[in-house]
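*Asks:* Quick one: the structure is below, questions incoming.
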Amino acid sequence: TPEAPKQLWSGDITYIATDEGWLYLAAVIDLFSRQVVGWSLQPHMQAGLVKDALAMAWWRRRPLPGLIFHSDRGSQYCSGEFQDALKDWKMRS
């Protein structure tokens, strides 16, 4: 259980049906405040979707090194692209 903001974030993806097909929303929430700190909406469900949501969260909140990022370990979150982003921003998963 986090004791303050910017210690533990969680990410997930949801599907949104539109008249033109599916859109995919990746969100990152701070588990202390329950606020959405980053998100990305794209017509595909690839690693870039979750990386963009993480990037928005990082740029908006600037967490200290060591933040823990929790996910369902889906293929997008386990991708090399996303894992490299976590390392670059000194986060743990």
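Taken together, the values in this text are just the output of simple stated rules run on the coordinates, not laboratory data. Values in this document were obtained by computation on a predicted structure and should not be read as measured data. With ideal geometry, Cβ positions are generated from the backbone for all residues, glycine too; neighbour counts draw on all protein chains shown.
*Asks:* Since SER40 meets every condition but one in (1) more than 9 Å from the chain's Cα centre (by Cα); (2) of a type in the set (S, T, N, Q); (3) within 17 Å of GLU81 (Cα to Cα), which condition does it not meet?
*Replies:* Among (1) more than 9 Å from the chain's Cα centre (by Cα); (2) of a type in the set (S, T, N, Q); (3) within 17 Å of GLU81 (Cα to Cα), SER40 violates only (1).
*Asks:* Of all residues in the range 1-24, count the ones that are within 16 Å of PHE82 (Cα to Cα) and crowded, with 16+ Cβ neighbours inside 10 Å.
*Replies:* Final tally of qualifying residues: 4.
*Asks:* I would also like to ask the following. Could you say which residue among ASP19, ASP30 is among the acidic types (Asp, Glu), touching a Leu at 6+ places or on another chain (Cβ under 9 Å) and free of Cβ contacts under 8 Å to residues at least 40 places away in the same chain?
*Replies:* The unique qualifying residue is ASP30.
*Asks:* Let me ask you something else. Considering only residues that are loosely packed, with under 11 Cβ neighbours inside 10 Å and under 13 Å from ALA4 (Cα atoms), which ones fall in the range 63-79?
*Replies:* Hit for the range 63-79 is LEU64, nothing else.
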